[in-house]
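Participant: One structure, pasted below without further comment.
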Amino acid sequence: MEECISVFDMLKIGVGPSSSHTLGPWRAAERFLNELRTDFEINTVTRVKVDLYGSLSLTGKGHATDLAVMLGLSGQDPEYIPIQNIDKIIKSIEAKSEIHLGNQVSIPFFILQDIVFNKDFLPFHANGLTFTAYFNNETEYSSTFYSIGGGFVVKEERENAQNKVAIKCAFPFPINKASELLAYCAKENKSVSEIVYDNEKSMRPETEIHHELLRIWNTMLECMYIGCHSEGILPGGLHVRRRAFDMHQNLIGLCNYSTPQEWLEEIRKTEVKFRQILKWVSCFALAVNEVNAALGRVVTAPTNGSSGVIPAVLMYYMVIENHQAGENEIKKFLMVTGEIGSIFKKGSTISAAMGGCQAEIGVSSAMAAAALCELLGGTPAQVLMAAEIAMEHHLGLTCDPIGGLVQIPCIERNTMGAIKAINAAELALATDANNAKVSLDKVIDTMWQTAKDMNSKYKETSEGGLAVAVNMADC
């Protein structure tokens with residue numbers, strides 16, 4: 001099966017802290033509402049119940065899965081909801097014991113009864129959830145969804161149907177494997193970003209591509225800006241202190257700027273040495289994931305838990321490598337990241353519940369490494385090598401969040417993924433990629449095999465690793 005995955009499928013704007021446990025369930029709730037509107041009269045619904053299964057249940061509290069389904073059922077859009085409204089809506093549901101279903105009809109909703117955390121796993125995927133609506137004529141309707149990582153949501157029957165019918169991708173350059181991408185680049189004498197752009201143009205106008213890519217970047221930039229200017233303790237009970245604020249102040253001091261764009265230009269004026277480069281990249285990555293942990297707006301890239309890597313590396317290019325970089329470089333970078341991410345999704349997984357943290361930080365590091373390599377002048381072969389190197393050194397990385405929160409070790413891992421991406425790009429640029437010993441396709445295959453071999457307690461269940469070695473009460 002050939003699957004068309006757009007850059008905008010891989011880079012989604014949403015709310016933290018998790019793409020698979022927050023954004024996915026939120027979108028699933030939206031789809032359930034659409035089913036109710038299509039097949040029933042929504043004003044005849046008297047009650048809605050949500051059953052969470054597997055990883056969504058085991059780490060759902062720490063990942064705000066319960067909040068996400070309530071917001072989704074309320075008819076809120078994660079891409080556009082004012083962040084300050086989230087707490088108000090949740091508190092209203094709690095206080096009134098009712099939910100404004102689809103923003104249309106108010107029905108009783110008792111959180112402890114109507115959101116059920118079932119620790120058992122559904123067979124299709126580790127992240128399953130079932131919505132059940134009850135009607136005034138005493139009938140009921142249930143629908144099950146699976147959040148498969150990166151905010152992607154599927155239904156089992158639809159997946160099974162797709163497996164039986166070959167679907168032809170409408171892209172002029174359909175890509176399932178890195179080798180196919182490389183072959184197109186050679187045949188067309190184009191860069192990776194140019195191939196991706198041709199595919200995107202087959203789906204939407206160029207003006208829309210331009211606008212949406214810059215909207216993604218501006219969301220990333222604003223997220224870094226907010227993270228670098230926010231103090232305090234992150235929510236969740238681990239009492240994790242925000243570090244990006246202090247790190248940023250130590251690096252740049254107090255400056256006069258009022259917008260993220262002015263802030264970017266101010267940073268470009270600073271003189272940096274090697275140690276400061278490490279600090280800046282870490283600061284950018286920390287900033288994003290602290291915002292993510294506080295239920296702020298981020299770009300899923302390819303997941304929320306790994307959302308700090310790609311903006312940190314792109315920011316590194318703009319403030320360290322190329323002060324003249326502008327919209328053209330930003331768009332190229334994002335298009336390359338999207339394509340590399342889609343190849344990983346098709347050949348392996350971007351779900352930590354399926355593959356551990358190698359599926360999140362590992363993939364995001366590979367995406368960023370490839371994009372940076374192209375902007376630094378790498379050939380298509382070197383671009384793919386950069387992605388391979390980055391993933392090769394994340395193989396086997398487990399997902400073991402303490403307390404089910406996307407904080408420890410998740411936030412720091414974004415800084416490591418970003419630094420590894422820069423290192424991988426430089427290694428690829430210094431290498432004859434035609435003599436590569438390990439292809440990107442081979443490392444993706446290995447990643448998937450590693451994911452299948454990995455013990456389930458290291459796959460976003462908080463039942464192994466640091467999650468059991470560290471007691472929340474001691475934090």
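Participant: Among the residues of the stretch 442-467 satisfying the criterion of being among the acidic types (Asp, Glu) and part of a helix (DSSP H, G or I), which is nearest to residue 396 (Cα to Cα)? Working first, answer last.
Facilitator: Step one: of the stretch 442-467, the residues among the acidic types (Asp, Glu) are 445, 453, 460, 463.
Remaining after also requiring part of a helix (DSSP H, G or I): 445, 453.
Working: 445: 13, 453: 10 Å.
Within the stretch 442-467, the match that is nearest to residue 396 (Cα to Cα) is 453.
Participant: How many of the residues in the stretch 307-317 are touching a strand residue (DSSP E or B) at 6+ places or on another chain (Cβ under 9 Å) and surrounded by fewer than 24 Cβ atoms within 10 Å (Cβ to Cβ)?
Facilitator: Going residue by residue through the stretch 307-317, those that are touching a strand residue (DSSP E or B) at 6+ places or on another chain (Cβ under 9 Å) are 307-308, 310-311.
Add one more test, that the residue is surrounded by fewer than 24 Cβ atoms within 10 Å (Cβ to Cβ), and what stays is none.
Going through the stretch 307-317 one residue at a time, the tally reaches 0.
Participant: Also, quick follow-up: So which residues in the stretch 276-308 are among the polar types (S, T, N, Q) and either outside any loop (DSSP other than H, G, I, E, B) or under 19 Å from residue 420 (Cβ atoms) (or both), if there are any at all? Break it down stepwise before answering.
Facilitator: Taking the stretch 276-308 and keeping what is among the polar types (S, T, N, Q), we get 276, 282, 289, 292, 300, 303-304, 306-307.
276, 282, 289, 292, 300, 303, 306, 307 - these are the residues of the stretch 276-308 that are among the polar types (S, T, N, Q) and either outside any loop (DSSP other than H, G, I, E, B) or under 19 Å from residue 420 (Cβ atoms) (or both).
Participant: Output yes when any residue across the stretch 404-421 is surrounded by fewer than 17 Cβ atoms within 10 Å (Cβ to Cβ), within 28 Å of residue 316 (Cβ to Cβ) and modelled with pLDDT under 95, and no when none is.
Facilitator: no
Participant: Would the stretch 429-446 turn up any residue that is under 20 Å from residue 306 (Cβ atoms), touching a residue at least 40 places away in the same chain (Cβ under 8 Å) and out of contact with any helix residue (DSSP H, G or I) (no Cβ under 6 Å at 6 or more places or on another chain)? Steps first, answer last, please.
Facilitator: At the first step, the residues of the stretch 429-446 found to be under 20 Å from residue 306 (Cβ atoms) are 440, 443-444, 446.
Restricting the remaining residues to those that are touching a residue at least 40 places away in the same chain (Cβ under 8 Å) gives 440, 443-444, 446.
Still in the running and out of contact with any helix residue (DSSP H, G or I) (no Cβ under 6 Å at 6 or more places or on another chain): 446.
The answer is yes; a qualifying residue exists.
Participant: Is it the case, given these coordinates, that residue 279 is at pLDDT 95 or above, assigned by TED's automatic domain parsing to the domain that holds residue 418 and among the basic types (Lys, Arg)?
Facilitator: Values: at pLDDT 95 or above: yes; assigned by TED's automatic domain parsing to the domain that holds residue 418: yes; among the basic types (Lys, Arg): yes.
So residue 279 fits the description; yes.
Participant: Do we have residue 407 as within 25 Å of residue 20 (Cβ to Cβ) and part of a loop (DSSP other than H, G, I, E, B) here?
Facilitator: Details: within 25 Å of residue 20 (Cβ to Cβ): yes; part of a loop (DSSP other than H, G, I, E, B): yes.
Yes, satisfied.
Participant: Another question about this same structure. Out of everything in the stretch 59-78 that is in a loop (DSSP other than H, G, I, E, B) and touching a residue at least 60 places away in the same chain (Cβ under 8 Å), what residue ends up being nearest to residue 32 (Cα to Cα)?
Facilitator: 78
Participant: Using beta carbons and a limit of 7 Å, which pairs, at least six apart or on different chains, have the first residue in the stretch 176-193 and farther than 21 Å from residue 348 by Cβ and the second one acidic (Asp, Glu)?
Facilitator: What qualifies is 191/374; 193/374.
Participant: Considering only residues that are among the aromatic types (Phe, Trp, Tyr) and either closer than 16 Å to residue 410 by Cα or surrounded by 24 or more Cβ atoms within 10 Å (Cβ to Cβ) (or both), which ones fall in the stretch 259-306?
Facilitator: At the first step, the residues of the stretch 259-306 found to be among the aromatic types (Phe, Trp, Tyr) are 263, 274, 280, 284.
Once the filter is applied, which keeps residues that are among the aromatic types (Phe, Trp, Tyr) and either closer than 16 Å to residue 410 by Cα or surrounded by 24 or more Cβ atoms within 10 Å (Cβ to Cβ) (or both), the stretch 259-306 yields only 284.
Participant: Would you check if residue 342 is closer than 19 Å to residue 317 by Cα and either small (Gly, Ala, Ser) or in the same structural domain as residue 298 (by TED's automatic domain parsing) (or both)? Write out each step before concluding.
Facilitator: Working: closer than 19 Å to residue 317 by Cα: no; either small (Gly, Ala, Ser) or in the same structural domain as residue 298 (by TED's automatic domain parsing) (or both): yes.
No: the conditions fail for residue 342.
Participant: Looking at the stretch 25-35, is at least one residue among the hydrophobic types (A, V, I, L, M, F, W, C), in contact with a helix residue (DSSP H, G or I) (Cβ under 9 Å, 6 or more places away or on another chain), in a helix (DSSP H, G or I) and within 17 Å of residue 359 (Cα to Cα)?
Facilitator: No, because not a single residue in the stretch 25-35 is among the hydrophobic types (A, V, I, L, M, F, W, C), in contact with a helix residue (DSSP H, G or I) (Cβ under 9 Å, 6 or more places away or on another chain), in a helix (DSSP H, G or I) and within 17 Å of residue 359 (Cα to Cα).
Participant: Let me ask something additional. For the stretch 79-169, which fully contained helices (runs of 4 or more DSSP H) count at least 2 residues that are at pLDDT 95 or above, surrounded by 17 or more Cβ atoms within 10 Å (Cβ to Cβ) and not basic (Lys, Arg)?
Facilitator: Fully inside the stretch 79-169 and qualifying: 83-96.
Participant: Does at least one position in the stretch 384-403 carry a residue that is within 30 Å of residue 474 (Cβ to Cβ), touching a Phe, Trp or Tyr at 6+ places or on another chain (Cβ under 8 Å), in a helix (DSSP H, G or I) and not basic (Lys, Arg)? First the steps, then the outcome.
Facilitator: Filtering the stretch 384-403 down to residues within 30 Å of residue 474 (Cβ to Cβ) leaves 394, 396-403.
With touching a Phe, Trp or Tyr at 6+ places or on another chain (Cβ under 8 Å) added as a condition, the list becomes 398-400.
Narrowing further to those that are in a helix (DSSP H, G or I): none.
Within the stretch 384-403 (the criterion being within 30 Å of residue 474 (Cβ to Cβ), touching a Phe, Trp or Tyr at 6+ places or on another chain (Cβ under 8 Å), in a helix (DSSP H, G or I) and not basic (Lys, Arg)), the answer is no, since none of the residues qualifies.
Participant: Please go through the stretch 230-262 and pick out each residue that is charged (D, E, K, R) and either touching a Leu at 6+ places or on another chain (Cβ under 7 Å) or outside any loop (DSSP other than H, G, I, E, B) (or both).
Facilitator: Keep residues of the stretch 230-262 that are charged (D, E, K, R), which gives 231, 241-243, 246, 262.
Listed by number, the residues that qualify are 241, 242, 243, 246, 262.
Participant: What is the one condition in (1) surrounded by fewer than 24 Cβ atoms within 10 Å (Cβ to Cβ); (2) closer than 30 Å to residue 456 by Cβ; (3) over 13 Å from the mean Cα position of the chain (by Cα) that residue 348 does not satisfy?
Facilitator: All conditions are met except number (1).
Participant: Only one of (1) crowded, with 24+ Cβ neighbours inside 10 Å; (2) more than 19 Å from the chain's Cα centre (by Cα); (3) of a type outside the set (S, T, N, Q); (4) farther than 19 Å from residue 146 by Cβ fails for residue 17. Which number is that?
Facilitator: So the condition that residue 17 fails would be (2).
The values are calculated or read from the model by the stated rules, or taken from the named source; none is laboratory data. All values reported here derive from a predicted model rather than from experimental measurement. Quick reminder, even Gly has a Cβ in these numbers, built from the backbone with ideal geometry, and neighbours come from all protein chains shown.
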